[in-house]
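The values are calculated or read from the model by the stated rules, or taken from the named source; none is laboratory data. Being a predicted model, the structure only gives us computed values, none of them experimental. Every residue, glycine as well, gets a Cβ built from its backbone with ideal geometry; the counts of neighbours run over all protein chains shown.
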Amino acid sequence: MTLPDLPADSPATELFPQFQSDIYRMISQEIEDLTDEQLDFESDQWGWSQWSIRRNLSHLASGDVRWFVQRWGGIIFPGGPPPIDDLDGIINSGYDRRLDEEKYWAVPDIMDKLRLGLAISQQILERETVASLQAYEVEVPYQEGSIWFSAAHPRGTRRDPANPEVGYLSLESTFRHRYYEYLTHLFNIQRLKRAQGLTARVDVPFEGYHALPDWDRSEP
């Protein structure tokens, strides 16, 4: 991602305009008119095909709430997070980083939670500036070779020099991480469609994690 040259006091929405409408538009267009069989296709043939389109959606729908409410909540919502119905079903579902599949299996229900997460993200961006996004940091476990694939981030990730097991992400890099997650899973959704003889509908920007040199970009 090429960073725009913005003054420090610029609204954070100018740094990440995609959260207002682009992300939801791309996802909704890409999954439009898919049947349950197409949504639930999985295969062991490729690593990226072991989660169905529906499960990729579920992962995306839980992600913004998991990050900005669960992980960042005490920092950016000091007075308490916005009220969220069934928070446990979104972030503590017992499924692998997905919504509770017993409650949120139908696509309209998943998309409702996706809209919720994007709305929370947009609310944060509307009240922050470029400078505040860069100033806030959250502690995360350090993962060898990356702090959430730090090679894709031009700034905002660092390792604690005093503790090699600890890393830090800025709020800016967390938003960039979420944007890259949306792109990467859209790319996976399109590959799952191609594996079923279906045609992709939207242009996914070639940036972020799936653009890294060692990323698995295999095709069916």
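Here residue 155 meets the list (1) more than 20 Å from residue 118 (Cα to Cα); (2) touching a residue at least 40 places away in the same chain (Cβ under 8 Å); (3) of a type in the set (Lys, Arg); (4) in a helix (DSSP H, G or I) almost entirely, failing just condition (4).
Contact annotation: residue pairs with Cβ atoms under 9 Å, 6 or more positions apart or on different chains, pairing a residue in the range 20-39 that is closer than 18 Å to residue 191 by Cβ with a partner that is of a type in the set (D, E, K, R) and surrounded by fewer than 17 Cβ atoms within 10 Å (Cβ to Cβ), are 26/201; 26/203; 29/201; 30/201; 31/201; 32/201. Going by what's in this entry, would residue 67 be described as closer than 23 Å to residue 133 by Cα and either loosely packed, with under 12 Cβ neighbours inside 10 Å or at pLDDT 95 or above (or both)? Yes: the conditions hold for residue 67. Considering 159, 201, the condition of being out of contact with any Pro (no Cβ under 6 Å at 6 or more places or on another chain), farther than 19 Å from residue 73 by Cα and modelled with pLDDT of 95 or more is satisfied by 201 alone.
Scan 125, 186 and give me the residue that is at pLDDT 95 or above and touching a Ser or Thr at 6+ places or on another chain (Cβ under 6 Å). It would help to see each step written out before you state the result.
Values: 186 fails: touching a Ser or Thr at 6+ places or on another chain (Cβ under 6 Å).
Result: 125 is the single residue among 125, 186 that is at pLDDT 95 or above and touching a Ser or Thr at 6+ places or on another chain (Cβ under 6 Å).
For the range 19-32, a residue qualifies if it is part of a helix (DSSP H, G or I) and either surrounded by fewer than 22 Cβ atoms within 10 Å (Cβ to Cβ) or over 19 Å from the mean Cα position of the chain (by Cα) (or both), and the qualifying residues are 22, 24, 25, 26, 28, 29, 30, 31. Scanning the range 33-58 for residues being in a helix (DSSP H, G or I) and either basic (Lys, Arg) or surrounded by 13 or more Cβ atoms within 10 Å (Cβ to Cβ) (or both) gives a total of 10.
Of a type in the set (Asp, Glu), in a helix (DSSP H, G or I), farther than 25 Å from residue 45 by Cα and in contact (Cβ under 8 Å) with a residue 24 or more places away in the chain: which single residue out of 172, 139 fits that description? Answer to the check: 172.
Among the residues of the range 160-170, is there at least one that is surrounded by 21 or more Cβ atoms within 10 Å (Cβ to Cβ) and of a type in the set (A, V, I, L, M)? Yes, that holds for at least one residue. For residue 117, the requirement of being under 14 Å from residue 66 (Cβ atoms) and in contact (Cβ under 8 Å) with a residue 24 or more places away in the chain is met.
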